1. Quick one: 3J(HN,Hα) in Hz for region 81-93, Karplus 6.51/-1.76/1.60 with θ = phi - 60°, rounded, Gly and Pro as x.
2. In whole angstrom, how far apart do the alpha carbon centroids of region 78-111 and region 1-51 sit?
3. Return the carbon/sulfur percentage of the accessible area of region 66-129, one whole number, probe 1.4 Å, all protein chains in place.
4. For region 6-22, just list the computed ³J(HN,Hα) in residue order, Karplus coefficients 6.51, -1.76 and 1.60, θ = phi - 60°, integers in Hz, with x standing in for Gly and Pro.
5. For the chain, what relative contact order do you get, as a whole percent, if you take Cα pairs closer than 8 Å and at least 6 residues apart?
6. Scan (1) 18.3; (2) 17.3; (3) 15.6 for the value of Kirkwood radius over Cα pairs in Å calculated from this model and give just the label.
7. Taking only protein heavy atoms and a 1.4 Å probe, what accessible area per residue, in Å², does region 33-125 have with all protein chains in place?
8. Positive end of the dipole of the chain, charges at C-beta (+1 Lys, Arg; -1 Asp, Glu), about the Cα centre: which of GLY100, VAL42, LEU145 has its Cα farthest in that direction?
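The values are calculated or read from the model by the stated rules, or taken from the named source; none is laboratory data. This is a predicted model, so every value here is computed, not measured. Cβ coordinates were reconstructed from backbone atoms using ideal geometry, including for glycine residues, and neighbour counts include every protein chain displayed. For accessibility, only protein heavy atoms count, side chains too; no ligands or nucleic acids. Shrake-Rupley method; radii C 1.70, N 1.55, O 1.52, S 1.80 Å.
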Amino acid sequence: MNGSRWEQGEAVRLIRNVRNDGTYPGMDPGMPLVRRGSIGYVMDVGTFLQDQVIYSVNFLDEDRVVGCREEELIGADDPWIPSRFEFREKVRSAKGLSVGGEVLVPPGAIGEVIKVVRNAPGGAAYHIHFDCLLGRVLQIPEDALEAVEAQE
């Protein structure tokens, strides 16, 4: 297909977690299908709504064939920096966070990942919107954040 970045048989890496959008049989919608960082092989290239390139990718370790958009994939040999957190994930500040000497976020504050920045100096960082800092987004290094355990 013209305009596609990868061809049949090429190895690609998934850069976002993929969940069932309701089209994957035998699993509930929203269930995780393939984790970011997984490598798969392009089986087929097609289009969706006439303008979105969709790749059918076989993830051998997961034993799943999943449809992926081009922006969800990079070449398997492209540089990859794994990240601990994902878009929309809840996180907690591991320490007080200050800007210009003023503590804006106290230790233990809850926030949400707005964007993952893999190429930040020193490794992965995140754009975080903290509940205590409405209307502002801060870029926070991974080591300043902790996971928020899922609430039962």
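1. 10, x, 10, 7, 10, 10, 3, 6, 6, 7, 9, 10, 6
2. Between the Cα centres of region 78-111 and region 1-51 lies a distance of 29 Å.
3. Roughly 52 percent, rounded to a whole number.
4. Karplus values, whole Hz, x for Gly and Pro: 10, 10, 3, x, 6, 7, 10, 10, 7, 9, 9, 5, 10, 10, 5, 8, x.
5. For the chain, the relative contact order is 16 percent.
6. Given (1) 18.3; (2) 17.3; (3) 15.6, the calculated one carries the label (2).
7. Heavy-atom accessible area per residue stands at 57 Å².
8. GLY100
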